[in-house]
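> Handing you this structure, nothing more for now.
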Amino acid sequence: MKVEPMVRAFRRWVGPLAALGPLGSWSVAAAVVLGCGDDSDPTACGLLRASSPDKLGCSSAILDLTPHPCALEVKKACGNDADCAKSAMSDCATEYYLRSYEADTLPPCDPDRPLLMIDQNLNLALFRGIRISDVSTAVHTNALQHYFDPQALWMGTDGLAETNPIRYAIAGTVAQFDQALIDAGIPPSADTDSLTDEEEAAALEAISAVMFGPTRDFLATHAKPMEAKVNVVVIDQILSPTLADLLAIEGTVVGLGLSAALLERVDETTEDPDAMSLNTMLDVDGDFTPTLFVGHTDIARLTQDFDLVIAHEMGHALGLPHVEEPGNLMEQGGEDNCRRWLSQEQVDLMGPFAQAMLAPEDALSRILAGRKNVLRRVLEARQAERD
């Protein structure tokens, strides 16, 4: 079934995300960009020009139509025929989220490099946070397919984006961390200089349990057992603002992709042999469905050419690490006004379950390293209360 013209017209009326400035550098492990947040969010949607139609896309209430255009199309085409409805919904949802884009293409960054064909199909399961509108999700998922269309990487989805209560992938407040330390037996009088090695390890594990709670809960529900697809989860931000301040890491994390290969790689590069493994931290054991968390607010704040950023982060999700080659899609930073290139070796490696060899300085490792900053800040807050 093909989606009716009204769906395409509606999608194009919403338009792409407004330009809010250059990206600078990409500090993510593996991710893809989607979505827009609640109209009341002063840090992102509030910055959009009042005259821009994109601001409407930032409301999860105004433009979340009920029933959805695809629901109307499927009902019209299939009535009560369940098999027909399943097939028709897949066709309509794929058109709505991934095919309704304007067919223009950036000029090549290096005209001497041929455009290499990926020639693969990739199934996505789409989720959106309760502050992310369905219309905004579709704007940015279309940007994802738009970039890879010339290289024949075809993405599809079986149904509408599912609403999920998750807002941040990694979060935590001083009060939550303080309670976790109490539960772990860290005495109220402790400071960073008085902790034994065993106490510090226990404290970091307690902090990790709080930080990764939202991600752990999502994976438990939607990533086990492993399926041959990629979960794409559109949320406000990867790090909650409070936690980002406590972590004190450099750069902005705009997305985070998790796969069994990534967790294994990060565990291998951890210098502390007694550190809690990421598999244990996230309560996963072995393979699970690769899952990408996407933070819209920082993307909206940082970049105009979000389809290029989306393509870069999807490259991570498909198993490609960063490279130091000017003009390559997987180069960090660089020009954003031309189409970047991929080598034949990179195309050959692409796949949702490829063994990505991510450098230890990537976002997830830096988040883990930042836990000591969290511990220090929480213990300092305790000391301030005592004084």
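> Pick from I238, I249: which is among the β-branched types (V, I, T), in contact with a helix residue (DSSP H, G or I) (Cβ under 8 Å, 6 or more places away or on another chain) and not in a strand (DSSP E or B)? Explain how you work it out, then say what you get.
On the way: I238 fails: not in a strand (DSSP E or B).
Result: I249 is the single residue among I238, I249 that is among the β-branched types (V, I, T), in contact with a helix residue (DSSP H, G or I) (Cβ under 8 Å, 6 or more places away or on another chain) and not in a strand (DSSP E or B).
> In addition: Condition test on M117, is it within 15 Å of E162 (Cα to Cα) and of a type outside the set (V, I, T)? Quick ask: steps written out before the conclusion?
Numbers: within 15 Å of E162 (Cα to Cα): no; of a type outside the set (V, I, T): yes.
Against the criterion (within 15 Å of E162 (Cα to Cα) and of a type outside the set (V, I, T)), M117 does not qualify.
To keep it simple, each residue is scored yes or no on (1) within 13 Å of V378 (Cβ to Cβ); (2) crowded, with 19+ Cβ neighbours inside 10 Å; (3) under 22 Å from the mean Cα position of the chain (by Cα); (4) not β-branched (V, I, T).
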{"site": "L153", "(1), (2), (3), (4)": "no, yes, yes, yes"}
{"site": "V174", "(1), (2), (3), (4)": "yes, no, no, no"}
{"site": "D191", "(1), (2), (3), (4)": "yes, no, no, yes"}
{"site": "S194", "(1), (2), (3), (4)": "no, no, no, yes"}
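> Starting from residues that are closer than 30 Å to L124 by Cβ, without any contact (Cβ under 8 Å) to a residue 60 or more places away in the chain and β-branched (V, I, T), keep the ones in segment 196-226 and report whichever is surrounded by the fewest Cβ atoms within 10 Å (Cβ to Cβ). Quick ask: steps written out before the conclusion?
As a first pass, look at segment 196-226 and keep what is closer than 30 Å to L124 by Cβ: 208-226.
Those left that are additionally without any contact (Cβ under 8 Å) to a residue 60 or more places away in the chain: 210, 213-214, 217, 221.
Adding the requirement that they be β-branched (V, I, T) leaves 210, 221.
Details: V210: 20, T221: 10.
Within segment 196-226, the match that is surrounded by the fewest Cβ atoms within 10 Å (Cβ to Cβ) is T221.
> Please go through segment 81-102 and pick out each residue that is part of a loop (DSSP other than H, G, I, E, B) and closer than 25 Å to D307 by Cα. So that I can check it myself, show each step before the final result.
Quick first cut of segment 81-102, residues part of a loop (DSSP other than H, G, I, E, B) only: 81, 99-102.
The answer is R99, S100, Y101, E102.
> Answer yes if at least one residue in segment 316-331 is modelled with pLDDT under 80, under 18 Å from the mean Cα position of the chain (by Cα), outside any loop (DSSP other than H, G, I, E, B) and not aromatic (F, W, Y), and no otherwise.
For segment 316-331, residues modelled with pLDDT under 80, under 18 Å from the mean Cα position of the chain (by Cα), outside any loop (DSSP other than H, G, I, E, B) and not aromatic (F, W, Y): present.
> I'm trying to understand the selection: among the residues of segment 336-368, which are charged (D, E, K, R), at pLDDT 75 or above and buried (at least 16 other Cβ atoms within 10 Å of the Cβ)? Steps first, answer last, please.
Filtering segment 336-368 down to residues charged (D, E, K, R) leaves 336, 339-340, 345, 348, 361-362, 366.
Those still in the list that are at pLDDT 75 or above too: 339-340, 345, 348, 366.
Once the filter is applied, which keeps residues that are charged (D, E, K, R), at pLDDT 75 or above and buried (at least 16 other Cβ atoms within 10 Å of the Cβ), segment 336-368 yields R339, R340, R366.
> With the requirement that a residue be without any contact (Cβ under 8 Å) to a residue 40 or more places away in the chain and either in a strand (DSSP E or B) or not hydrophobic (A, V, I, L, M, F, W, C) (or both), what does segment 154-188 give you? Outline the logic, then answer.
Here is the first cut: in segment 154-188, the residues without any contact (Cβ under 8 Å) to a residue 40 or more places away in the chain are 154, 162-163, 165, 175-176, 179-180, 182-187.
W154, E162, T163, P165, Q176, Q179, D183, G185, P187 - these are the residues of segment 154-188 that are without any contact (Cβ under 8 Å) to a residue 40 or more places away in the chain and either in a strand (DSSP E or B) or not hydrophobic (A, V, I, L, M, F, W, C) (or both).
> With the structure loaded, tell me whether F177 is at pLDDT 90 or above and closer than 22 Å to I132 by Cα or whether it fails that test. Explain how you work it out, then say what you get.
Numbers: at pLDDT 90 or above: yes; closer than 22 Å to I132 by Cα: no.
Here the answer is no, as F177 does not meet what is asked.
> Let me ask something else about it. Does I132 count as buried (at least 19 other Cβ atoms within 10 Å of the Cβ), touching a Cys at 6+ places or on another chain (Cβ under 7 Å) and of a type in the set (A, V, I, L, M, F, W, C)? Walk me through how you get there before you give the answer.
On the way: buried (at least 19 other Cβ atoms within 10 Å of the Cβ): yes; touching a Cys at 6+ places or on another chain (Cβ under 7 Å): yes; of a type in the set (A, V, I, L, M, F, W, C): yes.
Considered against the rule, which asks whether it is buried (at least 19 other Cβ atoms within 10 Å of the Cβ), touching a Cys at 6+ places or on another chain (Cβ under 7 Å) and of a type in the set (A, V, I, L, M, F, W, C), I132 comes out as yes.
The values are calculated or read from the model by the stated rules, or taken from the named source; none is laboratory data. Being a predicted model, the structure only gives us computed values, none of them experimental. Note that we place each Cβ from the backbone using ideal geometry, even for glycine, and neighbour counts take in every protein chain shown.
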